[in-house]
Each structure stands twice: as C-alpha cells, then as structure tokens.
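Undergrad: Have a look at this one.
Just so you know, all these numbers are worked out from the coordinates, no wet-lab data involved. Computed from a predicted model, the values in this text were never measured in an experiment. Methodologically, a virtual Cβ is constructed for each residue, glycine included, from the backbone with ideal geometry; neighbour enumeration extends over all protein chains shown.
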Amino acid sequence: MDPELRRFLDQRASEALSPEPTSDSERALLNRDRLLAALVDRPPIAGLPNDVLSRAVELGAALKGRLYLPAAPPEPLAVLVYFHGGGWVCGSSETHDPFCRLLAEAAAVSILSVDYRLAPEHPHPAALEDAFEAVRWAAHHAASWGGDVARLVIAGDSAGANVAAAVANRLDSGTTGIAFCAQILLYPVTDHPSASHASYAETGYGFGAEFMHWVWRMYAGATSADDPDVSPLRRSPLRRLPPTFVATAEHDILRNEGLAYVDKLRSAGTPVVHHHSPDMHHNFLVNPGTVGRFPQCQEALQVLATWLRRTSEVV
C-alpha cells in the first residue's frame, strides 16, 4: 500500500468514535455521523472546482438530489445519474460533493447525485425504487439544463455501484422505455458476502468482512442472495450492456467480486475498461479525505473522465 495512504488511514482509524453502538439503528446513525465528520475540519481539497454550478433538486415526493453543471458547459451535455456509496446505510450527495464537482468539470458532463433512501429504516428495494425514479426524472427533465437524454450514463461507487448495476441491467431489458449509453461502477458490490471471494479474507481499513455482512443484513437481509437485483454477479444470463468502466483497488475486500464482474461483463460481449489501482484501498477515488490528495486518485479520475468524454460524446 502507498506509504502516505497508510499513514492517512492509520490516523483516521485512531479518530474512530467510541463507545460502539448497542443497536443496529444506533450503529447506522453513528456511521452516518462518522462519514459526515470526514467533511469537517479538513484542509480544502486542492483544485476543487468551486465554479461548477450545483443546486438541490426535488426528484419526487420524498426524493431529493443535487444537480451539477460544469462551468461554460458544452451543449448538449451528457447526463450522468450517480448513486453514492456508504453500504446502503450512510452517505449522501453532501458526502460525495467533492467527487461530483471534480468529475463534472473533468469530463464536462452534467451529474445528478441522488439521495436515495437508506437502510435499515428503508431496506431493499427502497434504494432501487428511488434509483429508477431518479433515472425517470432525469430522462424527463434533462432538456431543461441542456442535457441530452440520448447520452444517459448510470454510475455509482461501492453500494451505489451495486444499485447502478441493478438499474443498468433492468434498463437494458427494454421494458422501461429508457436507454443508456454507458455505466460506471467504482469498486462495486456485486455479490453476497457469503460467496467466499478471496479478498474477503484480507484486512481492510474500517471496511472489513464484519462490516460488510452487517450492512448487507441491514439492506437486503430478507432478500435471497441469488436475487440479481442485489447480487448482479448472479444474473443469468447477463446480456451485452453498453460500454462499462469498472474501477477496483488491490487493498479492498470487494476487489475479487469486482474482478469477477469484469469477466462476466466481457463474457457477455460488453466493452469494458477496467482500471485497477494496485496500491490503493476501498473508496480511494471518492473519499473526501483522499480525492485530490493522492496522485493515484488524480490518475484514476483522469482515466475515468477521458473515457467518459469519449464514450458519451455526440454521435
């Protein structure tokens, strides 16, 4: 692992709050507080494009999000619908604001970051239902901000990438009337944690097997492990999908299921660009404490932005 990253993660681990919560609901709330605390009293992110326009949007009766538009945007704009990570129990458009600003500028795309409902208060399929509502909203309103619905991209990180993959697979069935041109899956959850992927035996920094089993129970405890809406790797058959970008990290318990999904996508004929970071950890590309700080994050962001520009360009 990158030595500077190891020092950063060790420091973050020493800042963990105590005592540990006594109930699932308390633990979920504490995890939300910890994630938000990562945004407080931190040095400003170098090069964060504060000239990117953003505004809160109402996507439905109880569904909110944040829309990002690059400064001096080209028209028409590709429309990227983004689902944040956080194990389905925490995270928000606020925690992912730095990453969305950076990507909107680097790729010159519009981004709709979605605040889907969280577990355990709202278990599966709440997040998936909200995801579809957000995609439908984007498809119907994109023209109002110069967006081109013909260049719709589905994206997410970690648990949000799990939701994105499920949405993409459903959209590709042709039953929704909505098409998309690409998907982005950043270190995705693609399988049930009982699948015994080798990377689960490795130690993570604040994101180990015990935590993953817990968030899975909170989100999908009553859902079959074989349900492709929660385990995209188990979808059979997996159809050929639009071009896909997958990012994985070596020091991540989700590494092997991400690699397995890359193989499955390619076997189905999907064009896949796979970016692997051999010395980084889970969430390195999006974490507000690491994005913009480590050269590996900058490299991955530029690779992603270049791919996104080319893949979603006007035909």
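Undergrad: So what J values fall out for region 74-81 if you push phi through Karplus, 6.51 cos²θ - 1.76 cosθ + 1.60 with θ = phi - 60°, rounded to Hz, Gly and Pro as x?
TA: Those phi angles translate into x, 10, x, 9, 4, 10, 9, 9 Hz.
Undergrad: With +1 on each Lys and Arg Cβ and -1 on each Asp and Glu Cβ, how big is the dipole of region 3-311 about its Cα centre, in debye rounded to the nearest 20?
TA: Using only the charged Cβ atoms, the result is roughly 680 debye.
Undergrad: If you don't mind, another one. Can you give me the distance in nm between label points at Q302 and H141, each placed 7 Å from the Cα along the Cα-to-Cβ direction?
TA: Placing both labels 7 Å beyond Cα along the Cβ direction yields 3.5 nm.
Undergrad: Would you mind calculating the relative contact order of the chain from Cα pairs under 8 angstrom and at least 6 residues apart, reporting the percent as a whole number?
TA: Reported as a whole number, the value is 19 percent.
Undergrad: Also, quick follow-up: Test of the criteria: in region 118-191, which GluC sites (Glu not before Pro) are in a DSSP loop and have at most 13 other Cβ atoms within 10 angstrom of their Cβ?
TA: Here the GluC sites (Glu not before Pro) that fit, given the DSSP loop and packing criteria, are E121.
Undergrad: How are the Cα pair distances of the chain distributed, in percent, across 20 Å bins from 0?
TA: Histogram of Cα-Cα distances, whole percents per bin: 35, 61, 4.
Undergrad: Would you kindly state how much longer the chain becomes between E4 and L29 on full extension, computed as 0.36 nm times their sequence separation minus their alpha carbon distance, in nm to one decimal? Walk me through the intermediate numbers first.
TA: On the way: separation 25, 0.36 × 25 = 9.00 nm, distance 2.99 nm.
Difference between extended and current length: 6.0 nm.
Undergrad: Report the calculated FRET efficiency for S267 and A71 (r = Cβ-Cβ distance, R0 = 51 Å), to the nearest 0.05.
TA: Calculated transfer efficiency: 0.80.
Undergrad: Calculated from DSSP H runs of 4 or more alone, at -39500 (n - 2.57) each and per residue, what is the 222 nm mean residue ellipticity of the chain, nearest 500? Mind dumping the intermediate values first?
TA: Working: 8 runs with 108 residues, N = 315.
Helix contribution divided over all residues of the chain: -11000 deg cm²/dmol.
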